[in-house]
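Student: Structure in C-alpha cells, see below.
Rule-based calculations on the coordinates, nothing more; no lab input. None of these values were measured; they are calculated from a predicted model. Cβ coordinates were reconstructed from backbone atoms using ideal geometry, including for glycine residues, and neighbour counts include every protein chain displayed.
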Ligand code: TGC
Ligand code: FAD
C-alpha cells in the first residue's frame, strides 16, 4: 500500500564517520534488506493487524537476532554499535519488526547466554539466532507493570520439577513463541528466570487484539496454570530483580538507536513531501513555518545520533551505566514521537493515510514510549541518579 521507499540516509553532522567501515557495511546491508522485504509489505500487515511471520527467517539470515552473542552460539560476536545500527535500520522500517528482534536478542538470547548453563546455551541459542525458534520475555503482569518487583507469578519446588502458576501480559512475540523466558518468585520471594517451552501442559499464550499501535507485532499473554517445568530449565546464574532488569539495559540500548530510525524515516518523508507539495504557488517547504518544523527535526535527530553513538562507545567499553541508557531511551523516543507528529502535519491530509509511513510510526511510538520502562520511569531513574533520592515509592 505505501509509496516506494525512497529513503537514502539522514546524517547532517557526518556522525557515521565516527563509525567503522564494518558499521557502515552493516547499515547498508540491513537498509537494503528493509527496503526489499519490509517496506513493500509492512503497511498492509499493520492495517490488517497481523505479524509478517515470513520475515523471521530473513531476520535470522541478516544477523538481527542476538548479533552481540558469540559466533560459537550462533551469534555474530559484533559490538554494541553494530547492534544499535541494526535496530535503527529495522525500526526505520517499523517498530514492530525492531521489537521482534529486540526481544529475541536482548531479552531471550542475552539472559540465556549471560545466566544460562552451558547446556541451555547450546540447546537454545543457535536455534534462536537462526530464527528456527522464537522466544518471548515475560516480566510484566496485569497488576505489576512499572513495579515488576511486586510480581505474584510463583513456582513451587516439587522434587524433580517445579510447578509454575501465574500470568504475564503485554508480551511481545508471545503468540508466535516456541519458548518463553518467564520471571517468577520462589517460595522465599527470590526472582528467578525459567524457560518454558510451547506444549508444556497448562501453558497457553492468548493473543492481545484491538491494538492501535505496533499492529504488525504479535502481542499476547502468558498463562501458567500449574505448569510442571524441569529444574534444568531454571537459569542457574542469576537471582533477584537485577536479572530481568539487566536484560532491559540491553533492550533499552537498542531502542535508543531504533527510535531514531523511525524519526529519520519521518523527517525524510516530510522533507521530500514539503519540497514537492505546492500551495499558494510554491512548495510548502518554502514557508517559514514548515522550515521551522523541518529544521527542528534534523537538529533533534542529530543530537540523538551523537548521544547514542557515545553511549555505544561506553557500552563497548563496559562503562555504560543503566541511568545513561535510560536517558538515551527516553530522549530518543521523545524526539521521535514529536517528529512523527510534526511530520504528519506537514503531510496534511495525506499524513493520516497508509500511503506514507508517518502515522504508522507515530502510533507505534506510543507503545515504545511505554514499554521497556515508561517515559516517567526513565525520568525518575535520571532523577534518582543525579539526586541520590528515590522518588518511585
Ligand atoms: P531496585 O530496588 O531499584 O532494584 C532491584 C535490584 O535490581 C538492580 N537494578 C538493576 N540491575 C541491572 N540493571 C538495571 N537497569 C537495574 N535497575 C535496578 C538494583 O541494583 C537492585 O539490585 P540488588 O542486588 O540490590 O537487589 O528496584 P525497584 O523495585 O525499586 O524498581 C526500580 C525500577 C522502577 C527502576 C524498575 O523496576 C523498572 O525499571 N521498572 C520499569 C519496568 C520495565 O521496564 N518493564 C519492562 C518489561 S519488558 C518490556 O517492556 C519489553 S518490550 C519489548 C519490545 O517489544 O521491544
Ligand atoms: P503502569 O505501571 O500501570 O503505569 C501507568 C502510568 O503510571 C504510566 O504513565 C507510568 O509512567 C505511571 N507510573 C507508574 N509508576 C509510577 C511512579 N512510581 N511514579 C510516577 N508515575 C508512575 N512487558 C514484558 O514483560 N515483555 C514484553 O515483551 C512486553 N512487550 C510489550 C509490548 C507492548 C505493545 C506494550 C504496550 C507493552 C509491553 N510490555 C512488555 C509491558 C510494558 O513493559 C509495560 O506496559 C510498562 O512497563 C508499563 O507498565 P503498565 O502498562 O502496567 O503501566
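Student: What are the residues in region 141-184 that are within 18 Å of residue 96 (Cα to Cα) and within 10 Å of ligand 1 (Cβ to nearest atom), if any?
Tutor: 170, 171, 172, 173
Matching residues to (1) surrounded by fewer than 20 Cβ atoms within 10 Å (Cβ to Cβ); (2) touching a residue at least 12 places away in the same chain (Cβ under 8 Å); (3) closer than 13 Å to residue 93 by Cβ:
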residue	(1), (2), (3)
6	yes, yes, no
15	yes, yes, no
21	yes, no, no
24	yes, no, no
28	yes, no, no
40	yes, yes, yes
43	no, yes, yes
47	yes, yes, no
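Student: Can you go through 241, 181, 222, 164 and tell me which one is touching a strand residue (DSSP E or B) at 6+ places or on another chain (Cβ under 6 Å), within 16 Å of ligand 2 (Cβ to nearest atom) and over 30 Å from residue 333 (Cβ atoms)?
Tutor: Just one listed residue meets the conditions, 164.
Student: Moving to a separate point now. What tally of residues in region 116-140 results from selecting those that are closer than 26 Å to residue 188 by Cα and within 15 Å of ligand 1 (Cβ to nearest atom)?
Tutor: Of the residues in that region, 5 qualify.
Student: Looking at (1) surrounded by 13 or more Cβ atoms within 10 Å (Cβ to Cβ); (2) within 27 Å of residue 47 (Cβ to Cβ), can you tell me which one residue 227 breaks?
Tutor: Among (1) surrounded by 13 or more Cβ atoms within 10 Å (Cβ to Cβ); (2) within 27 Å of residue 47 (Cβ to Cβ), the lone unmet condition for residue 227 is (2).
Student: What's the number of the only condition in (1) more than 10 Å from ligand 2 (Cβ to nearest atom); (2) surrounded by 14 or more Cβ atoms within 10 Å (Cβ to Cβ) that residue 156 fails to meet?
Tutor: The failed condition is (2).
Student: Cβ-Cβ below 7 Å, separation at least six or inter-chain, first residue in region 100-125 and farther than 30 Å from residue 42 by Cβ and touching a residue at least 12 places away in the same chain (Cβ under 8 Å), second within 14 Å of ligand 2 (Cβ to nearest atom) and outside any helix (DSSP H, G or I): which pairs?
Tutor: Short answer, once both residue conditions are applied: 115/193.
Student: Looking only at residues in region 198-219 that are in contact (Cβ under 8 Å) with a residue 60 or more places away in the chain and under 19 Å from the mean Cα position of the chain (by Cα), which one is nearest to residue 37 (Cα to Cα)?
Tutor: 216
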